[in-house]
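In what follows, a single structure is set out as structure tokens and then discussed.
Nothing in this text is a laboratory measurement; each read-out follows from the coordinates by a stated rule. None of the values given here were measured: they were computed from a predicted structure. Glycine also receives a Cβ, built like all others from the backbone with ideal geometry; neighbour counts cover every protein chain displayed.
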Amino acid sequence: MNKLFEGEFQFNLASRPNWETGARHRETLMKYLTGLVGDRQGRLCVLGAGNCNDLDLKRLLQVYSEVHLVDLDESALEYGVQSQEVADDPRVFRYVRDLTGAGEELAGFEAASTLPETDLSEIIQRFSQPAALDLPGPFDVVCSTCVLSQLILQAVNAVGDTHPQFEQLMVAIRSQHFQTIVDLIKEGGAGLVVSDFVSSESATDLKDVPDFQFTQYLSQLLSSRNFFHGVHPGVLFSQLKGNAPLAGLVQNVEMLPPWRWDLGSRQYAVAAIRFHRLPRS
Ligand SMILES: C[S@@+](CC[C@H](N)C(=O)[O-])C[C@H]1O[C@@H](n2cnc3c(N)ncnc32)[C@H](O)[C@@H]1O
């Protein structure tokens, strides 16, 4: 058993009862997802759908013609569609996939025994290539929901964040994920990248800061470098802007206002970037 994936399965199992506490997060995400449909009903693909606690699947089926859910945790997807009573709906599709295609190789590393001289070039090279996901894309809308922080955390757990090539590995994982998202979107379609970037574990006031001070509070956290590896919202935004390799494929890139995700025992701050893939010229 891949121990990195096992960690994801355990997290998903533990977070199943959080439908109620996650209501505000779900409503915010649903507002953005239903707002992206456009004139015609389209096909939606969600990466990192897991337990689907952040998705109201019946509501999505009112506005999208098909909903495609992707995650490496088969049992979480099963739980999601069963608990929301859409398991038999022919417009809901499930795919058990490792979004990186390199999770098995990464799990071959052990943080405790990865020495600074261990060469990570090969695994970095693996993440520098797109994963063969075999999904029926392109889709009208693609949403990545709080999966990127997990992908990077898997790298921390595998090689340790003090390894001299860790930064390079993290950059490769992040670039690959954005490339995957953009590749899955139809020309003229839309993308929504949602990422948790700090939690109440290191930001103990996160739950109590009043809404009107939330953005300022987050700016202070970011300035003091209190955020998860590799998912500073500004860096995520820069993946699609300026000289970034993907910038030429997208337009209308917007940073949405951050919000809180309550997972019961822990709260997270969440950033989201909305954009469109350029239409065919
Ligand atoms: C924070 S959870 C998302 C929660 C979920 N959207 C919900 O609210 O119920 C991150 C998800 O990413 C999935 N995940 C982590 N690594 C993955 C990978 N390499 N490929 C596909 N899914 C992955 C996990 O199984 C988990 O379901």
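For this structure, a couple of remarks:
- Global geometry of the chain, whether rounded, prolate or oblate, following the gyration tensor of its Cα atoms and the 1.5 cut on a/c: rounded
- Alpha-carbon centroid distance for the pair the stretch 10-47 / the stretch 63-81, whole angstrom: 11 Å
- Three-way shape call for the stretch 192-281 based on the alpha-carbon gyration tensor, with the a/c threshold at 1.5: prolate
- Note on the chain: GNM, Cα springs under 10 Å; of Ile185, Ile123, Ile152, the largest mean-square fluctuation is that of Ile123.
- Label-point separation, Glu27 to Phe93 (7 Å along Cα→Cβ), nm: 3.2 nm
- 3J(HN,Hα) couplings calculated from phi for the stretch 203-215 with the Karplus curve 6.51 cos²θ - 1.76 cosθ + 1.60 (θ = phi - 60°) are, in sequence order, 10, 5, 8, 3, 6, 9, 5, x, 3, 5, 9, 4, 5 Hz; Gly and Pro show x.
- Near Ala271, once Lys and Arg are set to +1 and Asp and Glu to -1 for all other residues with Cβ below 14 Å from its Cβ, the sum equals +1.
- Qualifying trypsin sites (Lys or Arg not before Pro) in the stretch 204-281, where qualification requires a DSSP coil assignment and no more than 11 other C-beta atoms within 10 Å, comprise Lys207, Arg225, Arg280.
- 24 Å Cα-Cα threshold exceeded, pairs from Lys31/Lys58; Lys186/Lys241; Lys31/Lys207; Lys3/Lys58: Lys3/Lys58
- Here the Gaussian network model covers the chain, with springs between Cα atoms less than 10 Å apart; of Gln267, Gln150, Gln82, Gln82 fluctuates the most.
- Three-way shape label, the stretch 226-270, alpha-carbon gyration tensor, a/c 1.5: prolate
- FRET efficiency, Asn226 to Ala132 (Cβ-Cβ, R0 51 Å, nearest 0.05): 0.90
- Note on Gln10 and Gln82: the model spin-label points, each 7 Å out from Cα along the C-beta direction, lie 2.3 nm apart.
- The length gained by stretching the chain between Ser238 and Ser113 to full extension, at 0.36 nm per residue less their Cα-Cα distance, is 41.6 nm.
- When the convex hull of its Cα atoms is viewed from all sides, the stretch 31-89 shows a mean projected area of 3.7 nm².
- Qualifying GluC sites (Glu not before Pro) for the stretch 77-149 [loop in DSSP, other Cβ within 10 Å: at most 11]: Glu85, Glu117
- Residue-normalised convex hull volume from the C-alpha trace of the stretch 64-130: 115 Å³ per residue.
- Close amide H pairs (under 5 Å, H built 1.01 Å from N) link Val250 with Leu278, residues at least 5 positions away or on another chain.
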